[in-house]
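To keep things clear, I will list the structure first and then write my remarks on it.
The values are calculated or read from the model by the stated rules, or taken from the named source; none is laboratory data. Owing to the predicted nature of the structure, the values given are computational and were not obtained by experimental measurement. Glycine gets a Cβ as well: all are built from the backbone with ideal geometry, and neighbour counts include every protein chain shown.
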Amino acid sequence: MSLQENQPLYQSNLNTRHRRGKIWRTVFIISTVLAIISLVVLLVTIIDDSFGYAAISYKIPLSEIAPAGVPLESLTCAELIPILEENVSPNRFRQIQSEKPFEEWSQQECYETVVYEVGQPKAEETWSLFYSIRYADELKAYVAQKYPEGELIFKQWLNIDFVTQPQSKDPLIAGIRTAILGSLYIIAIVIIVAFPIGIAAAIYLEEYASQSRVHRIIQTNINNLAGVPSIIYGMLGLAFFVRVLEPLTSGYVFGYSSEATANGRTILSAGLTLALLILPVVIINSQEAIKAVPNSLREASYGMGATKWQTIWNHVIPNALPGILTGTILSVSRAFGETAPLIVVGASTFVTFNPDSIFSKFTTIPIQIYQWTARPQDAYKNIAAAAIIVLLVILITLNAAAILLRNRYSRRLS
Amino acid sequence: MAEQTTPALPPYSTLRSQKGEASINLRKHLRLKESIIQGFLVFSGALSIFTTVGIVFFLGEEAIQFFRSPDVTLLEFLTGTKWQPHLGEFGVIPLLNATLVTSFIAMLVAIPLGMCVAIYLSEYASPKTRGTIKPILEVIAGIPTVVLGFFALNFMTPLLRGVFGNNVVSIYNMAAGGLVMGILILPLISSMVEDALSAVPRALREGAYALGATKLEVATQIVVPAAISGISAAIILGMSRAVGEAMIVAIAVGAGPNLTWNPFEPAETMTGHIVRISGGDLSYGTIDYNSLFAIALMLFIMTLILNLISQRIIKRFREVYE
């Protein structure tokens, strides 16, 4: 009887429960979609800032540079070079000529040099891609009125020149070649240092010291190190590599001397700091890969009379290597994007020359992004966005390599 | 030619003579080589210990120098409400406050969203959907923080200013940094929570279904409570990450210590201060230099405690379900 009385109540209750279930299900889906949207918005923001209209003003209007009535871009190189000689200082003229003899110049190069050297353009204001497309006509009117001698050009901030040119104070011609090279040098040191030591530590922990007290202590220690904020590693690098090991990291010990690197804030210090930073991650990933090697392989090898090291070298490492590489590539891509520890170690703010050795001053792509983002002028925001695209492309390539490796590996196991 | 292409075994007699003659020498040689190699392996394993010792030693040494200087005492450092090095005031409270406010905002975003995403992925999504969404979340976790800082300054700040008004929200503010930091931590929390939820035995879910529970009731009243230790470990680890995060706050939160609870005002976190000061000209042994190490030591201790709690919880949680 109580069941009959309760039946309607039970049913109405059931409806509410189902409705609540549906509502929350929607909430869960919306949360997930929100997470994905945040990624999409991030990418769109960056692309949006990498292209768009820029209002350029000239110190000497272009119409005044060229002889009356003739548009500047229709002149030939032979006509343009005298204009250049006339308008820049003799020193600057010789400097331009020494960079590349005029005979080898194309018409386009002559034109661009004259515009840049004589006109001295300045990016007054810039607009994002979507704004530029939507309000193109308004922008044209606005610029024509505000900068009568200037012009409105559609600027691709990310272009070949941006990747190949050195750093500059002028956002219109600044590039990230020196930063890319700095990043590559540092990553090379990170790989050379962290890869062998990380694998060796993993082998020691898994093959020699497993289940022992030492293993437990080191393992706990590594897990804790993996959680230490990266900026703390920067402080360690500053105090140890830059300050204590200064003769070594500046290269005095090796007879290398340069005034520019006199204080240990070199590529070597930066590379060693980042190597220490990713070491725990490399060790943990390598351990996982070594653990996954079936024990039967080891036993078969011992059964054939191999020593411990022969077993490890010939059987454990080759089988664990794809897994180790995947983990290492992922940690290298983390090192590629690190900024804070390098700022603390002492990245240089302005490097216009390629690094020539591991004792050079350094800057990296993330450091460039930070410095440009921190500046208030419009155009720096655009080149920061362009540098971000370069950085993300490199990281995506690295990650894709890791995923390919992982897939090939798992296929081989099955 | 034939010998080159097909690997020929040495004749049986050679094999036997090699084995007979050289066996003792060979083994001695190998042992030496193996002990050298083992020495390198032990060194590599011990290097992680040296790293920890190095961090504690250098942070501690410079911090002690800082507290020895006449300008500051430990008590003043921990309780002072003004951080103005040029006036000799070294109170860490404003920096700590900004760290806590930004971390709190980040957790306000990351915990609910991360939980919802994890519950969806673990309990609702089909394996195929899960296979698509998880890599996307991993991509977010892999974005360099300097990029997220750019995003905070050039997207989140204009958005907040558009919503709340330019006179309410400053160009540099704690809210934008905190929100974007939440996006950074979300994938960390969601993936760890999802692991914890998936580890809950099926039998618990099936028992609840058999009693007539709906899917939501199973998820929130059975699975989540059963995985609560894994979830709290994830949240604590997320906090540790938020406290130690540097670039987002260095770019978007501001460049001057400011003791305020208002998330729309600029401030400077502990990490942000270290980045700004060490990015400028910094000479060794000055009180400014030493003060950075005192802040870093405090940061290290905070994150270490959070990480240890998280690891302790994970250990206990593993013992229950293995």
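A search for C-beta distances below 7 Å between a residue of the range B:265-276 that is more than 10 Å from chain A (Cβ to nearest Cβ) and any residue that is among the hydroxyl-bearing types (Ser, Thr, Tyr), counting only pairs 6+ apart in sequence or on different chains, returns B:GLU265/B:SER170; B:PRO266/B:SER170; B:PRO266/B:TYR172; B:ALA267/B:THR260; B:THR269/B:THR99; B:THR269/B:THR102. Being more than 13 Å from chain A (Cβ to nearest Cβ) and surrounded by 13 or more Cβ atoms within 10 Å (Cβ to Cβ) is the filter here; which residues of the range B:210-222 pass it? Residue satisfying the conditions is B:ILE222 alone.
Per-residue answers, yes or no, for (1) over 30 Å from A:ILE278 (Cα atoms); (2) exposed (fewer than 14 other Cβ atoms within 10 Å of the Cβ):
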site	(1), (2)
A:GLU99	yes, yes
A:PHE102	yes, no
A:GLU117	yes, no
A:ILE176	no, no
A:ALA200	no, no
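Cβ separations smaller than 7 Å between residues 6+ apart or across chains give the following pairs from the range A:188-204 residues that are at the interface with another protein chain (Cβ under 8 Å from one of its Cβ atoms) to residues that are surrounded by fewer than 20 Cβ atoms within 10 Å (Cβ to Cβ): A:ILE197/B:LEU47; A:ALA200/B:PHE40; A:ALA201/B:LEU47; A:TYR204/B:VAL42. In the set (1) assigned to a helix (DSSP H, G or I); (2) in contact (Cβ under 8 Å) with a residue 12 or more places away in the chain; (3) more than 10 Å from chain A (Cβ to nearest Cβ); (4) surrounded by fewer than 20 Cβ atoms within 10 Å (Cβ to Cβ), B:VAL168 fails one condition alone, (1). I'd like the full set of residues that are within 11 Å of chain B (Cβ to nearest Cβ), within 15 Å of B:SER44 (Cβ to Cβ) and in contact (Cβ under 8 Å) with a residue 12 or more places away in the chain, limited to the range A:288-320. Listed by number, the list holds a single entry, A:ILE312.
Any chance the range B:96-105 includes a residue that's within 13 Å of chain A (Cβ to nearest Cβ), within 21 Å of B:ILE248 (Cβ to Cβ) and touching a residue at least 24 places away in the same chain (Cβ under 8 Å)?
Our first condition is that a residue be within 13 Å of chain A (Cβ to nearest Cβ); within the range B:96-105, this holds for B:99, B:103.
Narrowing further to those that are within 21 Å of B:ILE248 (Cβ to Cβ): B:99, B:103.
The next check asks that each one be touching a residue at least 24 places away in the same chain (Cβ under 8 Å); those that pass are B:99, B:103.
Yes: one or more hits.
If you take the residues of the range B:86-105 that are more than 28 Å from B:VAL180 (Cβ to Cβ) and part of a helix (DSSP H, G or I), which of them is farthest from the chain's Cα centre (by Cα)? That would be B:LEU87. When the range A:19-35 is filtered for residues that are facing chain B (nearest Cβ under 7 Å), of a type in the set (Lys, Arg) and farther than 13 Å from B:ALA219 by Cβ, nothing remains.
Let's see how each residue does on (1) in the same structural domain as B:SER240 (by TED's automatic domain parsing); (2) within 30 Å of B:ALA233 (Cβ to Cβ); (3) surrounded by 17 or more Cβ atoms within 10 Å (Cβ to Cβ); (4) modelled with pLDDT of 85 or more:
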residue	(1), (2), (3), (4)
B:HIS86	yes, no, no, no
B:PHE90	yes, no, yes, yes
B:THR99	yes, yes, yes, yes
B:THR102	yes, yes, yes, yes
B:LEU108	yes, yes, no, yes
B:GLY114	yes, yes, yes, yes
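Residues considered: B:ALA118, B:ALA110. Of these, the only one that is within 21 Å of A:PRO229 (Cβ to Cβ), more than 8 Å from chain A (Cβ to nearest Cβ) and assigned to a helix (DSSP H, G or I) is B:ALA110.
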